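What follows is a single structure, written as C-alpha cells, with notes after it.
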C-alpha cells in the first residue's frame, strides 16, 4: 500500500485506508493505481490506452480518485459521470443502504461522515465497469 498518511488527517485515516483497500480488492484487472501527492488515483495506463486523457496530454485516462478534502473524503468515479444507468443504480442502492442523504456532484461522492461510508456498495460500484467498457464510454462521450 502506498503511504497515505500525508494525504489525510489522522481522524479519517483508517476510513481512507479501508476505502482504498476496498477499491483495490474489487477493481477490475487492467487499471493502475497511482498518486500525485494529493490523492490515490486509478487510471487506464498509457500502454493500454496510448491516447490518454484529452485534457492533459500524455497522461493516463483517469477512472477513480480518492481525495481527502477539508470536510469530506471524495470518491470521484468517472463511470458514474458517464453512465446514467450506473448513476441511477448507485443512487437507489445508496438510499437503500445508508440512512443519510447522498451528497454528490457530477462524479464526486462526498463522504462527510466516515462512519457511514458504505464500503460494500463502493466495492460493488467499482466492479461494474471494466477497462474496456470505460475506454468505450470515454471515447463515446468525446464524439
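Values quoted throughout were computed directly from the atomic coordinates according to the rules given, and no laboratory measurement underlies them. What you see is a predicted model, and the numbers here were worked out from it, not measured in a lab. All Cβ positions, glycine included, derive from the backbone under ideal geometry; neighbour counts span all protein chains shown.
Miscellaneous remarks
- When the Gaussian network model of the chain links Cα atoms closer than 10 Å, the mean-square fluctuations of 61, 27, 46 top out at 46.
- GNM flexibility winner over the chain from 98, 126, 66 (Cα, springs under 10 Å): 98
- Gap separating the Cα centres of the stretch 15-31 and the stretch 67-87, nearest whole Å: 14
- Rounded to the nearest 0.05, the FRET efficiency derived from the C-beta distance between residue 132 and residue 51 at R0 = 22 Å is 0.95.
- Each semi-axis of the equivalent ellipsoid for the chain is √(5λ) with λ an eigenvalue of the Cα gyration tensor; in descending order they amount to 24, 19, 13 Å.
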